[in-house]
1. Are any residues in the stretch 133-174 touching a Leu at 6+ places or on another chain (Cβ under 9 Å) and in contact (Cβ under 8 Å) with a residue 40 or more places away in the chain, and if so, which ones?
2. Report, ordered by the first and then the second residue, all pairs with beta carbons closer than 6 Å, sequence separation of six or more or different chains, a first member in the stretch 89-100 that is within 15 Å of residue 77 (Cβ to Cβ), and a second member that is of a type in the set (Ser, Thr, Tyr) and surrounded by fewer than 20 Cβ atoms within 10 Å (Cβ to Cβ).
3. Scanning the stretch 111-121 for residues that are open to solvent by 60 Å² or more (accessible area, probe 1.4 Å) and closer than 17 Å to residue 89 by Cβ, which turns out farthest from the chain's Cα centre (by Cα)?
4. Kindly list, by first and then second residue, each pair from a residue in the stretch 108-129 that is among the acidic types (Asp, Glu) to a residue that is modelled with pLDDT of 90 or more, limited to pairs with Cβ atoms under 7 Å and residues at least 6 apart or on different chains.
5. Report, by residue number, each residue of the stretch 65-76 that is exposed (fewer than 13 other Cβ atoms within 10 Å of the Cβ) and β-branched (Val, Ile, Thr).
6. Output the residue which, of all residues in the stretch 122-166 that are of a type in the set (D, E, K, R), exposed (fewer than 11 other Cβ atoms within 10 Å of the Cβ) and at pLDDT 85 or above, is farthest from residue 89 (Cα to Cα).
7. Among what's in the stretch 34-64 and is loosely packed, with under 11 Cβ neighbours inside 10 Å and modelled with pLDDT of 85 or more, pick the residue that is farthest from the chain's Cα centre (by Cα).
8. Can you tell me which residues in the stretch 1-18 are exposed (fewer than 10 other Cβ atoms within 10 Å of the Cβ) and under 26 Å from the mean Cα position of the chain (by Cα)?
Amino acid sequence: EILSEVSRNYGAVLADWDGNKAKLQGIEATLSPLITSGKYDGVQYGLHDPKARRNLLFDNISLGLMRHAKTTPTLLCIEDLQWADPSSLTLMHYVATGTRRCRLLILGTYRPEDLTPRGGGPHPLVDTMRLMGREDLYTRMELQRLPEASMTEFLTALFGDFDFGRDFSSTIYR
């Protein structure tokens, strides 16, 4: 309720606040019950707990993306997921779970041939995809290499009828 009141009374000012404290006169009185309640004493519980710190970081990233996606449809493109570490993959899964109803699309690319098992177990991306699949969080689209004739069509569409020479398309294709 308090934060809704702050948003109503000071939201426009805070959106473009230039640091001028006079523009926020009276906000202290509105926030006082929240600050003096004893619930928010400034202590960061879990500061020394790595998992709690990780979850706080993940929450902040997820909330930031959700906030941005509320005003602008957002595409988050993550390439070469086959090289991502387990922590980054956990973050991707966390964000996908938390932003399911937002206008956020996470597009991840990887090379299946590079998903070799590590340390006797499956590749971390395979585990993440298995988890995300159970939660219906992703759709897999497999792309195949273009045939050489399609490369020629693509270059013509891109550059028109410009003549690069007879071997150019084959060189680009290779």
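1. Of everything in the stretch 133-174, just one residue is touching a Leu at 6+ places or on another chain (Cβ under 9 Å) and in contact (Cβ under 8 Å) with a residue 40 or more places away in the chain, namely 137.
2. Listed pairs, sorted by first residue: 95/62.
3. So the residue we want is 119.
4. What qualifies is 114/82.
5. Result: 71, 72.
6. Of everything passing the filter in the stretch 122-166, 142 is farthest from residue 89 (Cα to Cα).
7. Looking at the filtered set, the residue picked out is 50.
8. 15, 16
The values are calculated or read from the model by the stated rules, or taken from the named source; none is laboratory data. Here the structure is a predicted model, which means the values were calculated and not measured. FYI the Cβ positions are ideal-geometry reconstructions off the backbone, even for glycines, and counts take in every protein chain you see. All accessible areas refer to the heavy atoms of the entire protein, side chains included, with ligands and DNA or RNA removed. Shrake-Rupley method; radii C 1.70, N 1.55, O 1.52, S 1.80 Å.
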